[in-house]
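Report on one structure; see the data block that follows.
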Amino acid sequence: MIAPSILSADFARLAEEAAAVDGGAGGADWLHVDVMDGHFVPNLTIGLPVVQSLLSCTDTPLDCHLMIEDPDRWAIGYAEAGAYNVTVHVEAAKDPVALAANLRAAGAKAGLSVKPDTPLEPYLDVLRHYDTLLVMSVEPGFGGQGFIPHVLDKVRTARRLVDTGQLTVLVEIDGGINDDTIEAAAEAGVDCFVAGSAVYGADDPAAAVRRLRAKAELMSGRHGEGEK
């Protein structure tokens, strides 16, 4: 799965930018929306009103990544608005288990994100209540950063637990994903790849989505063969 990040899109043309990756068969699987509040992370981006506007102009499921303080209070609004997947940070959530239940009750998939230096092991029991694990491969807050390779150890751990039935999450990665890094991430076991500048910095964003997916599928197949 490929989830283009609108953080790298032209904010003055968001409806057109969403349409640019919605190529029908072979188009984006999700549209990744980075919500930043200037507190949990230093940057400030968009909020619920823009998400509501996007929902009215695209059929691509919205994958809302909330890099905000107090997600227990604010995240439900994104689910109620119609976001397909709403991801909160374990570092910010006060009661992540209750929050997952509330997000699901509001109609969304529940996602849990961990920063690059946040270990996965203390949160494995919490993850059993979630649908998506978002592994950050850059420090959250800004687009265009370089990929941090050591986070793939967390991906491999999650992939092993999913493959053995101990977790049921979809494994997503966000940060520095491009033609040079997607193969290693796919081989480690990622299911969904968030890509910003690699898509919206291309002359043909839809073609970039297809190219990234082809690279990921090739390496995912090799990973599967190695597990047999």
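Close contacts from segment 40-64, counting a first residue that is without any contact (Cβ under 8 Å) to a residue 12 or more places away in the chain and a second that is surrounded by 15 or more Cβ atoms within 10 Å (Cβ to Cβ) and of a type in the set (D, E, K, R), with Cβ to Cβ under 7 Å and a gap of 6+ residues or different chains, come to L44/D37. Of all the criteria given as (1) over 20 Å from L133 (Cβ atoms); (2) assigned to a helix (DSSP H, G or I); (3) modelled with pLDDT of 95 or more, the one not satisfied by N178 is (2). For segment 139-168, how many residues are closer than 13 Å to L120 by Cβ and either buried (at least 22 other Cβ atoms within 10 Å of the Cβ) or among the charged types (D, E, K, R) (or both)? So the count comes out to 8.
For segment 104-125, a residue qualifies if it is more than 15 Å from the chain's Cα centre (by Cα) and either surrounded by 16 or more Cβ atoms within 10 Å (Cβ to Cβ) or basic (K, R) (or both), and the qualifying residues are R104, A106, T118, L120, Y123.
Scanning for something part of a loop (DSSP other than H, G, I, E, B), more than 23 Å from G165 (Cα to Cα) and in contact with a Ser or Thr (Cβ under 7 Å, 6 or more places away or on another chain), does segment 94-112 turn up at least one residue?
No: segment 94-112 contains no residue that is part of a loop (DSSP other than H, G, I, E, B), more than 23 Å from G165 (Cα to Cα) and in contact with a Ser or Thr (Cβ under 7 Å, 6 or more places away or on another chain).
Scanning segment 19-54 for residues that are assigned to a loop (DSSP other than H, G, I, E, B), touching a helix residue (DSSP H, G or I) at 6+ places or on another chain (Cβ under 7 Å) and at negative phi gives V21, G23, G27, A28, T45. Of the numbered conditions (1) closer than 22 Å to D34 by Cβ; (2) in contact with a strand residue (DSSP E or B) (Cβ under 9 Å, 6 or more places away or on another chain); (3) charged (D, E, K, R), K94 satisfies every one except a single condition; which is it? Failed condition: (2).
Every condition in (1) in a loop (DSSP other than H, G, I, E, B); (2) farther than 25 Å from A75 by Cα; (3) small (G, A, S) holds for A198 except the one numbered (1).
Taking the numbered list (1) touching a Ser or Thr at 6+ places or on another chain (Cβ under 7 Å); (2) of a type in the set (D, E); (3) not in a loop (DSSP other than H, G, I, E, B) in turn, D125 passes all entries but (1). Here's a check for you: in segment 126-138, which residue that is closer than 18 Å to L103 by Cβ and aliphatic (A, V, I, L, M) is surrounded by the fewest Cβ atoms within 10 Å (Cβ to Cβ)? Taking the candidates together, the pick is V126.
Is it fair to say E121 is closer than 25 Å to N178 by Cα and either of a type in the set (D, E) or free of Cβ contacts under 8 Å to residues at least 60 places away in the same chain (or both)? Before the answer, list the steps.
Values: closer than 25 Å to N178 by Cα: no; either of a type in the set (D, E) or free of Cβ contacts under 8 Å to residues at least 60 places away in the same chain (or both): yes.
It is false that E121 is closer than 25 Å to N178 by Cα and either of a type in the set (D, E) or free of Cβ contacts under 8 Å to residues at least 60 places away in the same chain (or both).
Does V209 satisfy the criteria of being outside any helix (DSSP H, G or I), crowded, with 17+ Cβ neighbours inside 10 Å and modelled with pLDDT of 95 or more? If you could, list the steps in order and put the result at the bottom.
Working: outside any helix (DSSP H, G or I): no; crowded, with 17+ Cβ neighbours inside 10 Å: yes; modelled with pLDDT of 95 or more: yes.
For V209, the condition - outside any helix (DSSP H, G or I), crowded, with 17+ Cβ neighbours inside 10 Å and modelled with pLDDT of 95 or more - is not met.
Spot the failing condition for A202; the list is (1) free of Cβ contacts under 8 Å to residues at least 24 places away in the same chain; (2) of a type in the set (G, A, S); (3) over 21 Å from P4 (Cβ atoms), and only one is missed. Only one criterion in (1) free of Cβ contacts under 8 Å to residues at least 24 places away in the same chain; (2) of a type in the set (G, A, S); (3) over 21 Å from P4 (Cβ atoms) is unmet by A202, namely (3). Test of understanding: among L152, L161, L167, which residue is under 15 Å from G189 (Cβ atoms) and outside any helix (DSSP H, G or I)? Selected residue: L167, the only one of L152, L161, L167 that is under 15 Å from G189 (Cβ atoms) and outside any helix (DSSP H, G or I).
Being buried (at least 16 other Cβ atoms within 10 Å of the Cβ), among the polar types (S, T, N, Q) and more than 17 Å from the chain's Cα centre (by Cα): is that true of T58 here? Yes, satisfied. Spot the failing condition for A98; the list is (1) closer than 13 Å to T132 by Cβ; (2) surrounded by fewer than 24 Cβ atoms within 10 Å (Cβ to Cβ), and only one is missed. Unmet condition: (1).
The values are calculated or read from the model by the stated rules, or taken from the named source; none is laboratory data. Worth saying up front: this structure is predicted, and the values here are computed from it rather than measured. Note that we place each Cβ from the backbone using ideal geometry, even for glycine, and neighbour counts take in every protein chain shown.
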